[in-house]
């Protein structure tokens, strides 16, 4: 106990240890810990356990050891899914970063239509995956869809956007970028507005052109924001399966849209191979952790946060 004096009177002051403080705040942490345990930690541990079993949702699982993991690296479908997912992830991520930054510069220009422009760019982000997929299913309808109608009006033949192996994945990439570019642009816009205007004005005074000021000052200072957008986009693409489900491509044609997220969903809820799907989920988790580690190491010492 310590003694504190207030207005000439002594009063005891309790001196708590670290354990005491933790016990004081524990009641406030319990609800959050309970939510994380029920909805995060337990499902994760359950999936890891199921990955070593032959679970199929119809009977009690039996322990099979590493059999599911051995199947993963010997199945041709997994190799194809990994290649397709890599192409999809890299394409969508680079487009979201590039287009998001370009749109952020456009949204940052003060014009009469600035508010409308910002709302129009961000609008696709708040549309659900189902609604977005249905909109694009209509747009890409090979029989009278607006996109084919425009092509035919220009003298070109219509395209079977989602029914041809050479255009199906590109179509899914287009839809994914349309859905996500608004959020990327808003994040970049927040980064732009956090850069002191004095730096750009000083560069202009020194004779720098707007392009030089953007490429040598603004874009380098956006490096932390760029890393955030890159990370969010990359992690999101590796978990995509909703588009494939609603677009009803079933991973085709000829496996051209068989993303890893869809491959996991298909094995779990169509083929009822829950043990194999759980092993795929663990592999995906390890892959994402590895990519996060690579990104952290690649940017360590090069990106500085204020």
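The values are calculated or read from the model by the stated rules, or taken from the named source; none is laboratory data. Not measured: the values here are computed from a predicted model. Don't worry about glycine lacking a Cβ; one is built from the backbone with ideal geometry, like all the others, and counts go over all protein chains shown.
Quick check on this structure: which one of 37, 74, 86 is part of a helix (DSSP H, G or I) and either assigned by TED's automatic domain parsing to the domain that holds residue 281 or modelled with pLDDT of 90 or more (or both)?
Only one candidate qualifies: 86.
Return the pairs, sorted by first residue and then second, in which the second residue is in a loop (DSSP other than H, G, I, E, B) and at pLDDT 75 or above, the first residue lies in the range 195-208 and is under 14 Å from residue 220 (Cα atoms) and not assigned by TED's automatic domain parsing to the domain that holds residue 219, the beta carbons are less than 7 Å apart, and the residues are 6+ apart or on different chains.
Filtered contacts from the range 195-208: no entries.
Within the range 57-65, is there a residue that is touching a helix residue (DSSP H, G or I) at 6+ places or on another chain (Cβ under 6 Å) and farther than 14 Å from residue 280 by Cα?
Yes: the range 57-65 contains one or more residues that are touching a helix residue (DSSP H, G or I) at 6+ places or on another chain (Cβ under 6 Å) and farther than 14 Å from residue 280 by Cα.
Only residues that are outside any helix (DSSP H, G or I) and exposed (fewer than 15 other Cβ atoms within 10 Å of the Cβ): list them for the range 154-194, please.
Once the filter is applied, which keeps residues that are outside any helix (DSSP H, G or I) and exposed (fewer than 15 other Cβ atoms within 10 Å of the Cβ), the range 154-194 yields 154, 155, 156, 157, 163, 194.
Considering only helices (runs of 4 or more DSSP H) fully contained in the range 200-258, which possess at least 2 residues that are within 18 Å of residue 179 (Cα to Cα)?
Of the helices (runs of 4 or more DSSP H) lying wholly inside the range 200-258, those with at least 2 residues that are within 18 Å of residue 179 (Cα to Cα) span 223-238, 242-247.
How do the pairs read when you match residues in the range 86-114 that are crowded, with 18+ Cβ neighbours inside 10 Å with residues anywhere that are not in a helix (DSSP H, G or I), using Cβ under 9 Å and keeping only pairs 6 or more apart or on different chains?
Short answer, once both residue conditions are applied: 88/240; 88/257; 88/259; 89/240; 89/259; 92/240; 101/222; 104/222.
Find all pairs meeting these conditions: Cβ atoms under 7 angstrom apart; at least six residues apart or on different chains; first residue within the range 256-271 and under 22 Å from residue 54 (Cβ atoms); second residue part of a loop (DSSP other than H, G, I, E, B) and modelled with pLDDT of 90 or more.
Close Cβ pairs satisfying both conditions: 267/273.
Sort through 141, 80, 148 and tell me the only one that's within 23 Å of residue 260 (Cα to Cα) and crowded, with 16+ Cβ neighbours inside 10 Å.
Numbers: 141 fails: within 23 Å of residue 260 (Cα to Cα); 148 fails: within 23 Å of residue 260 (Cα to Cα).
Matching residue, one of 141, 80, 148: 80.
Is it fair to say residue 249 is closer than 30 Å to residue 134 by Cβ, modelled with pLDDT under 90 and in contact with a helix residue (DSSP H, G or I) (Cβ under 8 Å, 6 or more places away or on another chain)? Talk me through it step by step, then tell me what you get.
Values: closer than 30 Å to residue 134 by Cβ: yes; modelled with pLDDT under 90: yes; in contact with a helix residue (DSSP H, G or I) (Cβ under 8 Å, 6 or more places away or on another chain): yes.
Yes: the conditions hold for residue 249.
Somewhere in the range 136-155, is a residue touching a residue at least 40 places away in the same chain (Cβ under 8 Å), touching a helix residue (DSSP H, G or I) at 6+ places or on another chain (Cβ under 9 Å) and assigned by TED's automatic domain parsing to the domain that holds residue 234?
Pass one, the range 136-155, residues touching a residue at least 40 places away in the same chain (Cβ under 8 Å): 136-137.
Checking which are touching a helix residue (DSSP H, G or I) at 6+ places or on another chain (Cβ under 9 Å) leaves us with 136-137.
Next, only the ones that are assigned by TED's automatic domain parsing to the domain that holds residue 234 stay: 136-137.
The answer is yes, given that some residue of the range 136-155 is touching a residue at least 40 places away in the same chain (Cβ under 8 Å), touching a helix residue (DSSP H, G or I) at 6+ places or on another chain (Cβ under 9 Å) and assigned by TED's automatic domain parsing to the domain that holds residue 234.
Output the residues belonging to the range 149-205 that are under 25 Å from residue 234 (Cβ atoms) and modelled with pLDDT under 85.
195
Could you please let me know if residue 118 is modelled with pLDDT under 95, part of a loop (DSSP other than H, G, I, E, B) and over 24 Å from residue 238 (Cβ atoms)? Give the steps one after another, and end with the answer.
On the way: modelled with pLDDT under 95: yes; part of a loop (DSSP other than H, G, I, E, B): no; over 24 Å from residue 238 (Cβ atoms): yes.
No: the conditions fail for residue 118.
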